[in-house]
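Okay, structure first, notes after.
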Amino acid sequence: VQSYTYSTKYPVAEILKSDVVQDTTAPKIASFSSRGPNSIVPEIMKPDISAPGVDILAAYSPNGPIPDELIFHGNEKYIILSGTSMACPHAAGVVAYVKSFHPDWSPSAIKSAIMT
């Protein structure tokens, strides 16, 4: 990703239809993610929903307190970050997308739809 963003002053991406490649590896939860069970309520498995949060290409403000080595030099508008703050916009986007099709659904109904 970094080499592509360095290759032009105005990098863009295009999403194209492609074949799905089967991935048989088990999904992994990032080390910084909440997870269960816990010692207080061991029968509850968490998280109910997970979202991508590792190595996310994110918008960047040069006024931000980000270490210089994480910035795409030559294009200081973007940065690769990991964390729950990177996963949250993905989850919120899915909720908004589902809500756009079902504006009458409750938060619980939307959560159930995303989980299943």
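The values are calculated or read from the model by the stated rules, or taken from the named source; none is laboratory data. Model, not experiment: these values are computed from the prediction. A quick note on method: Cβ atoms are made from the backbone with ideal geometry, for glycine too, and the neighbour counts reach across all protein chains shown.
Some observations on this one:
- One residue stands out in the range 6-33 among those that are of a type in the set (Gly, Ala, Ser), at pLDDT below 75 and under 27 Å from Thr84 (Cα atoms): the one that is surrounded by the most Cβ atoms within 10 Å (Cβ to Cβ), namely Ala13.
- Selection within the range 81-116 - over 19 Å from the mean Cα position of the chain (by Cα), assigned to a loop (DSSP other than H, G, I, E, B) and not polar (S, T, N, Q): His102, Pro103, Asp104, Trp105
- Positions within the range 34-52 being under 18 Å from the mean Cα position of the chain (by Cα) and either modelled with pLDDT of 75 or more or outside any loop (DSSP other than H, G, I, E, B) (or both), in sequence order: Ser34, Lys46, Pro47, Asp48, Ile49, Ser50, Ala51, Pro52
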